[in-house]
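What follows is a single structure, written as structure tokens, with notes after it.
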Amino acid sequence: MTRPARFGIMSRMPNSPPGRWTTARIPDQAGRTAIITGASSGLGLATAEQLARHGGHVILAVRDLARGERAAAALVAGQPGASLQLRRLDVADLDSVREFAAGIHRDGVPVDLLVNNAGVMFPPRRLSPQGHELQFATNHLGHFALTGLLLDRLRAGRDPRVVTVSSSVHRSGRIRFDDLTGARSYSRFGFYAQSKLANVLFGLELHRRLGAAGDPVRSLLAHPGYAATRLQTSGPTGLVRLLGRLGNRLVAQDAATGALPQLYAATDPDARSGQFIGPDRLFESRGHPTVVRPARAAEDTATARRLWEVSEQLTGVRFDVPAGP
Ligand SMILES: NC(=O)c1ccc[n+]([C@@H]2O[C@H](COP(=O)([O-])OP(=O)(O)OC[C@H]3O[C@@H](n4cnc5c(N)ncnc54)[C@H](OP(=O)(O)O)[C@@H]3O)[C@@H](O)[C@H]2O)c1
């Protein structure tokens with residue numbers, strides 16, 4: 001089997017979708033329920049729109065209900081038959097994650113798809129309500145906990161999948177096990193990259209554990225390349241925010257295109273557990289979904305296991321899937 005280049009020089013990965021994958025290839029989603037975190041804007045909203053357009057029931061998990069209501073109203077205006085539900089979830093707050101998951105259990109909501117999409121990028125150092133660094137808490141820990149708490153609901157789903165949204169920036173990341181809160185040294189970029197590396201380590205470790213246990217749930221990863229969303233302007237400040245605004249205008253692809261990799265991972269019958277899906281052009285910055293290779297550090301199973309154990313300790317959520325062989 002040919003191994004593709006790790007990054008940049010795109011030789012086509014085995015099992016990549018043939019041709020240009022577009023939303024026209026999304027299978028009928030009728031009867032499927034998806035939870036999308038951070039569905040109030042950007043890629044989450046674009047993902048919700050497509051899943052609803054193809055007949056799925058979509059739970060928009062948002063931290064700001066007013067913003068969520070505006071997003072849902074816009075979706076319904078575009079597609080009056082859309083089946084949507086709004087639920088509050090602040091993924092940076094583990095109490096909110098538990099409350100959200102308890103609500104899903106209490107209401108007996110079936111879950112076929114969980115898209116771990118919400119994210120923040122480059123904020124000044126801040127701590128979550130439980131004292132975790134905000135980017136690590138939002139992008140990784142909250143989604144780790146949410147996945148663990150919903151795994152049994154997913155097992156009851158049809159073709160159940162967990163799609164975790166990372167970034168090509170994960171390639172610059174390293175996990176600072178000795179300073180996860182950034183108390184000793186914090187860099188906005190370094191901690192974003194850490195959180196996005198954690199996404200890939202988690203998604204791949206989940207895949208290995210589920211596979212070893214013969215579990216029906218698939219774990220996939222996706223990244224959008226560079227898409228114009230609020231990400232580049234809501235967290236950063238000063239010059240970086242200005243550059244983000246310019247980049248969004250001049251360089252980025254739109255959110256609908258950026259969402260294609262996560263939509264492929266979420267819906268395509270040929271998408272396999274453990275795959276990482278990203279765009280196929282210009283050093284994975286834009287284009288149509290293809291299978292991409294994670295950074296070597298993201299494939300390190302010892303780091304993945306250590307991160308898993310630390311994440312269980314920090315969140316208090318234990319998965320009922322044992323470590324793989
Ligand atoms: N855009 C890109 O070029 C790019 C590149 C690589 C990776 N990504 C990844 O793509 C994902 C989606 O980002 P985006 O580009 O769509 O940015 P976005 O437009 O800023 O969307 C991020 C979403 O996450 C939500 N969110 C932030 N903190 C949250 C919290 N504590 N609890 C619940 N929701 C929260 C935001 O809610 P509010 O509306 O309340 O702020 C928003 O809906 C992120 O994981 C990001 O790292 C994006």
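The values are calculated or read from the model by the stated rules, or taken from the named source; none is laboratory data. Computed from a prediction, not measured in an experiment: that's the story for all the values here. Don't worry about glycine lacking a Cβ; one is built from the backbone with ideal geometry, like all the others, and counts go over all protein chains shown. Note: accessible area is taken over every heavy atom of the protein model, side chains too, but ligands, DNA and RNA are not part of it. Shrake-Rupley method; radii C 1.70, N 1.55, O 1.52, S 1.80 Å.
Restricting attention to the range 102-123, the residues that are away from the ligand (no atom under 11 Å from the Cβ) and either modelled with pLDDT of 95 or more or open to solvent by less than 10 Å² (accessible area, probe 1.4 Å) (or both) total 9. When Asp90 is tested against (1) near the ligand (Cβ under 10 Å from one of its atoms); (2) in a helix (DSSP H, G or I), only condition (2) is not met.
So for the range 29-40 (the condition being open to solvent by less than 10 Å² (accessible area, probe 1.4 Å), within 14 Å of the ligand (Cβ to nearest atom) and part of a helix (DSSP H, G or I)), does at least one residue qualify? Scanning the range 29-40, I find no residue that is open to solvent by less than 10 Å² (accessible area, probe 1.4 Å), within 14 Å of the ligand (Cβ to nearest atom) and part of a helix (DSSP H, G or I), so the answer is no.
Suppose we keep only residues that are of a type in the set (A, V, I, L, M, F, W, C) and touching a residue at least 60 places away in the same chain (Cβ under 8 Å) within the range 223-240. Which one would you say is farthest from the ligand (Cβ to nearest atom)? For the range 223-240, the residue satisfying everything is Val240. The criterion of being open to solvent by less than 40 Å² (accessible area, probe 1.4 Å), more than 10 Å from the ligand (Cβ to nearest atom) and among the aliphatic types (A, V, I, L, M) does not hold for Leu127. Restricting attention to the range 122-161, the residues being among the aromatic types (Phe, Trp, Tyr) and under 29 Å from Asp112 (Cβ atoms) number 2. Considering the range 153-173, the residues that are assigned to a helix (DSSP H, G or I) and touching a residue at least 60 places away in the same chain (Cβ under 8 Å) include one that is surrounded by the fewest Cβ atoms within 10 Å (Cβ to Cβ), namely Arg155. Any chance the range 82-90 includes a residue that's under 29 Å from Ser128 (Cα atoms), of a type in the set (Asp, Glu) and modelled with pLDDT of 95 or more? Yes - at least one qualifying residue is present in the range 82-90.
Here the helices (runs of 4 or more DSSP H) wholly within the range 177-283 that include at least 1 residues being among the basic types (Lys, Arg) and open to solvent by 10 Å² or more (accessible area, probe 1.4 Å) are 188-212, 238-250. Of everything listed in (1) more than 9 Å from the ligand (Cβ to nearest atom); (2) under 28 Å from Leu307 (Cβ atoms); (3) open to solvent by less than 40 Å² (accessible area, probe 1.4 Å), the single unmet condition for Glu99 is (3). Quick one: in the range 71-82, of everything that is open to solvent by 50 Å² or more (accessible area, probe 1.4 Å) and away from the ligand (no atom under 16 Å from the Cβ), which residue is nearest to Arg32 (Cα to Cα)? Checking each candidate, the answer is Gly81.
Can you find a residue in the range 62-70 that is buried (at least 16 other Cβ atoms within 10 Å of the Cβ), assigned to a helix (DSSP H, G or I) and touching a helix residue (DSSP H, G or I) at 6+ places or on another chain (Cβ under 6 Å)? No, the conditions are met nowhere in the range 62-70.
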